[in-house]
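Heads up, the thing below is written out as structure tokens.
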Amino acid sequence: MLSGEMAPMGKADRLLQGAIYILFCSPFLLMGGGMFLTGVFALGPRKDMAELWICLPAGLALLSVFGIILYYAIWRVPSLTVLRFVFDGDEFVAQTPSKHLVIRAKEAIREILEERGQRGRVLIGWWLKIEKHGWIHLERSLPNGEALIDQLNCLLGKSV
């Protein structure tokens, strides 16, 4: 039986992590907001800044791209991250903040992808595609995470 549980992250740590993401993206969000407002004002009745309408799509693009980055970094990926798991060789139980999964490993796990950072040198974790549930994220820092991935790869017939 293989199990692992992530150490709980305090509120202060989560707030600090969110603040770091927001601080990174805030210059781009402010620039996108300013460009958007400039473009909106250029569409108005004033004739001295009519050429500045081009700032509207550029501002929308900046706001969209960095808004999506913030959504995934602060909300989506943490809600899919495995907090604890138990694997007994046949049944895989995983708990994420958004769902509690009980699956049969051999039948339901379709794909395991590595997530790497720093130009492929540092292993961050793994994404597991589970039939009827979508993707879940298993971080490398989770105790027994690497042993779980090795066993799942053996069950799926992949070489380690």
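A few points about this structure:
- For the stretch 66-160, the strands (runs of 3 or more DSSP E) that sit wholly inside it and include 3 or more residues that are buried (at least 16 other Cβ atoms within 10 Å of the Cβ) are 84-87, 91-95, 122-130, 134-139.
- Listed by first and then second residue, the pairs with beta-carbon distance under 7 Å, at least 6 apart or on different chains, first residue in the stretch 76-101 and farther than 27 Å from residue 18 by Cα, second of a type in the set (Gly, Ala, Ser) and surrounded by fewer than 18 Cβ atoms within 10 Å (Cβ to Cβ), are 86/3.
- Residues that are free of Cβ contacts under 8 Å to residues at least 60 places away in the same chain, surrounded by 11 or more Cβ atoms within 10 Å (Cβ to Cβ) and not in a helix (DSSP H, G or I), drawn from the stretch 1-23: 9
- Looking across the stretch 24-46, just one residue is within 18 Å of the chain's Cα centre (by Cα) and either loosely packed, with under 13 Cβ neighbours inside 10 Å or free of Cβ contacts under 8 Å to residues at least 40 places away in the same chain (or both), and that is 24.
- Only one entry of 138, 142, 123 meets the criterion of being under 19 Å from the mean Cα position of the chain (by Cα) and without any contact (Cβ under 8 Å) to a residue 40 or more places away in the chain, and that entry is 123.
No lab work stands behind these numbers, since they all come straight from the coordinates. Given the structure is predicted, the values throughout are model-derived calculations rather than measurements. Backbone-built Cβ (ideal geometry, glycine too); neighbour counts: all protein chains shown.
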